[in-house]
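*Asks:* Structure below; questions to follow.
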């Protein structure tokens, strides 16, 4: 895997499935600012991951693409 080419994908995976040690390693490698920038571009994050990154980075949830995407694209059975 090419780390530089797949940073956005890696940020998404660590946010959704990673352990705290994975999060700390990612933060050490690329920094909080770049993690936030890349997370803002993700099309999907579950609610817990979105709340975590928004709180840690002190960025409003409305600035994340996944928040906007979720509100526009509701599923067939979502009410």
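Rule-based calculations on the coordinates, nothing more; no lab input. Predicted, not measured: the structure shown is a model, and the values here were computed from it. Backbone-built Cβ (ideal geometry, glycine too); neighbour counts: all protein chains shown.
*Asks:* Here are some values of Rg and Dmax of the Cα atoms in Å: (i) 23.7, 67; (ii) 12.7, 37; (iii) 12.9, 41. Which one was computed from this structure?
*Replies:* (iii)
*Asks:* Now a separate question. Do you know the relative contact order of the chain, to the nearest whole percent, from alpha carbon pairs under 8 angstrom that are 6+ apart?
*Replies:* About 28 percent, as a whole number.
*Asks:* Please order 42, 24 by the number of other Cβ within 10 Å, starting at the fewest.
*Replies:* In increasing order of surrounding Cβ atoms, one gets 24, 42.
*Asks:* On a 0 to 90° scale, report how tilted helix 47-57 is relative to the longest principal axis of the chain, with both axes built from alpha carbons and the result rounded to the nearest 10.
*Replies:* Compared with the principal axis, the helix lies near 50 degrees.
*Asks:* So for 21, 61, 41, fewest C-beta neighbours within 10 Å to most, what's the order?
*Replies:* In order of increasing Cβ crowding within 10 Å: 21, 41, 61.
*Asks:* Here's a follow-up. May I ask for the angle, rounded to the nearest 10°, between helix 7-17 and the longest principal axis of the chain, with both axes built from Cα atoms and the value confined to 0 to 90°?
*Replies:* Its long axis makes an angle of about 70 degrees.
*Asks:* Cut-off is 10 Å between beta-carbons; in what order do 3, 64 appear when sorted fewest neighbours first?
*Replies:* Ascending Cβ contact count within 10 Å gives the list 3, 64.
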